[in-house]
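The values are calculated or read from the model by the stated rules, or taken from the named source; none is laboratory data. Remember, it's a predicted structure, so these values are computed and weren't measured experimentally. Counting neighbours? That spans all protein chains shown, and the Cβs are built from the backbone with ideal geometry, glycine included.
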There are 2 protein chains.
Amino acid sequence: MTDRGRLANHAWEGLLSAHARMMKQFADTDVWQDLSMREYDVLYTLSKCTGPLRIGELHRHVLLSQPALSRMVDRLVDRGLIERSADPADGRGVRLSLTDAGRDRQRGIGRRHAAQVARAVTAELSRDELRQLAAICWKLAGADPSTGDDKEAPLP
Amino acid sequence: MTDRGRLANHAWEGLLSAHARMMKQFADTDVWQDLSMREYDVLYTLSKCTGPLRIGELHRHVLLSQPALSRMVDRLVDRGLIERSADPADGRGVRLSLTDAGRDRQRGIGRRHAAQVARAVTAELSRDELRQLAAICWKLAGADPSTGDDKEAPLP
DNA sequence: TTGCTCTTAATGCAAACGCATAAACTTTGC
DNA sequence: GCAAAGTTTATGCGTTTGCATTAAGAGCAA
């Protein structure tokens, strides 16, 4: 392995460790009400996107198998937090959107969670480090940092 | 929320997106043999540490509930990849270590996985970015980047 | 020592997950 | 226009996970 490869592995391991430490820290708090962090992640993803989302789109953002996601959507629909509607342009497709209750729930949890993220992350990193981390991670995520949208196969 | 807080949230969201994208990419490959990525994570953590590890120590590094980890250890012991032994200094404790087969398995998978990490990460980031990412993430992980060991409650 | 609390790991059980596959629909090629 | 191939979401089923609790040893005070 090249030196650069080793450096890449060291950086990736650092990212994994940071992820694990922070996730554990957040999981140990009381902000999630009756949702799991994964369920909140789905609500949050829906809240970020303007229009309704296909399940496949959602699946790109969420670290979960497609069947598991399909059933999680079932449960969230049953609980009145999201809505399934038929896609007029594609009979197979399903369009997902937050209900009003879902949006309220996401906002309530989101406000508290954002505060704890701010506390935990700013406690460790300077403003410059935050900027660098954001720029690098969004690059690694293959997305435009300003919009948060994925970039799919950038044209040459 | 302060401006710095918003920046922290933006950086954290970037880290989550990068994590999700990379994990999906790695999960879609054939390097894991008959292990799940979570099981490999346990073997890898054991391989990094010099001596046997308590289950509680392992639990600090792995994003899994204690009972789930306990049972995963069961299964890995049954499969002959790790060894449980009593802790002479503490009758409740259990000391975990890789068997020879477990070490072989970790190394075989680890080599291929490290190669794919190197490919995926260096494809997106320059050498300077890799260095910055490593330094910042290990800071966020609350650990010394050179050793990878956790720093617990740094003395004032 | 005894009795209490604290810590560590394991267990019962319902919920959630992943894999393989099916069902429903769209698209493609003839 | 129709069959074959591809795409998108859902379902069957065995395995794994998390929550609550238990079991067992450590630590400490009287």
- Any idea which residue in the stretch B:71-87 is farthest from DNA strand C (Cβ to nearest atom), counting only those that are surrounded by 14 or more Cβ atoms within 10 Å (Cβ to Cβ) and part of a helix (DSSP H, G or I)? B:76
- Query: Does residue A:96 meet the test of being more than 14 Å from chain B (Cβ to nearest Cβ), buried (at least 16 other Cβ atoms within 10 Å of the Cβ), within 13 Å of DNA strand D (Cβ to nearest atom) and modelled with pLDDT of 95 or more?
  - Reply: yes
- Only one of (1) more than 16 Å from DNA strand C (Cβ to nearest atom); (2) surrounded by 14 or more Cβ atoms within 10 Å (Cβ to Cβ) is not met by residue B:58, so which one is it? (1)
- Query: Does residue B:85 fit the bill of being touching a residue at least 12 places away in the same chain (Cβ under 8 Å), among the hydroxyl-bearing types (Ser, Thr, Tyr) and in the same structural domain as residue B:49 (by TED's automatic domain parsing)?
  - Reply: yes
- Message: Checking the conditions here, which among A:35, A:43 is closer than 13 Å to residue A:109 by Cα, assigned to a helix (DSSP H, G or I) and in the same structural domain as residue A:79 (by TED's automatic domain parsing)?
- Response: A:43
- residue B:69 passes all but one of (1) more than 16 Å from DNA strand D (Cβ to nearest atom); (2) farther than 24 Å from residue A:11 by Cα; which number fails? (1)
- Message: Step by step: first the residues of the stretch B:26-54, then only those that are touching a residue at least 60 places away in the same chain (Cβ under 8 Å) and over 17 Å from the mean Cα position of the chain (by Cα), then the one that is nearest to residue A:115 (Cα to Cα). Which residue is that?
- Response: B:29
- Scope the stretch A:1-21; condition among the polar types (S, T, N, Q) and under 13 Å from residue B:133 (Cβ atoms); matching residues: A:9, A:17
- Count - residues of the stretch A:18-48 that are within 14 Å of another protein chain (Cβ to nearest Cβ) and over 28 Å from residue B:139 (Cα atoms): 3
- Looking at (1) within 13 Å of chain B (Cβ to nearest Cβ); (2) under 18 Å from the mean Cα position of the chain (by Cα), find the lone condition where residue A:70 falls short. (1)
